[in-house]
Amino acid sequence: GLKTCLQLLRNMFDDVPDPEDFWVTSWGRDRFSLMSYSYMSIGSSGKDYDHMAADVEEKVFFAGEATNRRFPQTVTGAYLSGIREACKIVERGYSIPDYEEMGEK
């Protein structure tokens, strides 16, 4: 995992430092996702992505590549949608717990 990734980066770039911290997910082994990604059928539009991203009463927020009309089916889309939703949460005055405090490290 991490060692392989760092070696690949070091083969491509000079002076790649060791990470200060890292977090490895296991969604490929998650029985509910099984490494899946979204698929919009023929006739779908950007509005469908927006609909998937709509919050519920400003209390339940949705992120993921399926909610990003500009970068669907990509890690970039998933990442940016997470940033988008985190901003919404903070703008509404909610706090975001530190993942270390949640014991998910």
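So the values come out like this:
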{"quantity": "Peptides 8-19, 45-56, 75-86 ordered by average Cβ neighbours within 10 Å, highest first", "calculated": "75-86, 45-56, 8-19"}
{"quantity": "Average silhouette area of the range 27-82, convex hull of alpha-carbon atoms, in square nanometres", "calculated": "4.4"}
{"quantity": "Extended-chain gain in nm, criterion 0.36 nm per residue less alpha-carbon gap, residue 37 and residue 94", "calculated": "17.7 nm"}
{"quantity": "Solvent accessible area, Å² - residue 87, 1.4 Å probe, full protein context", "calculated": "70"}
{"quantity": "Length gained when the stretch residue 8-residue 44 is fully extended (0.36 nm per residue, less Cα-Cα span)", "calculated": "9.2 nm"}
{"quantity": "Accessible surface, the chain, averaged per residue in Å² (probe 1.4 Å)", "calculated": "84"}
{"quantity": "Net dipole in debye of the range 1-69 [+1 Lys, Arg Cβ; -1 Asp, Glu Cβ; about Cα centre; nearest 20]", "calculated": "400"}
{"quantity": "Relative contact order of the chain, defined on C-alpha pairs under 8 angstrom at six or more residues apart (%)", "calculated": "15"}
{"quantity": "Over 16 Å [Cα-Cα, the chain], rounded percent", "calculated": "71"}
{"quantity": "Degrees, to the nearest 10: 2-12 long Cα axis against longest axis of the chain", "calculated": "80"}
{"quantity": "Share of carbon and sulfur in the accessible heavy-atom surface of the chain [1.4 Å probe, %]", "calculated": "57"}
{"quantity": "On Cα atoms only, tilt of 75-91 relative to the major axis of the chain in degrees", "calculated": "60"}
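The values are calculated or read from the model by the stated rules, or taken from the named source; none is laboratory data. Here the structure is a predicted model, which means the values were calculated and not measured. Cβ atoms come from the backbone with ideal geometry, glycine included; neighbour counts cover every protein chain shown. Surface areas here come from the heavy atoms of the whole protein model, side chains and all, with no ligands, DNA or RNA. Shrake-Rupley method; radii C 1.70, N 1.55, O 1.52, S 1.80 Å.
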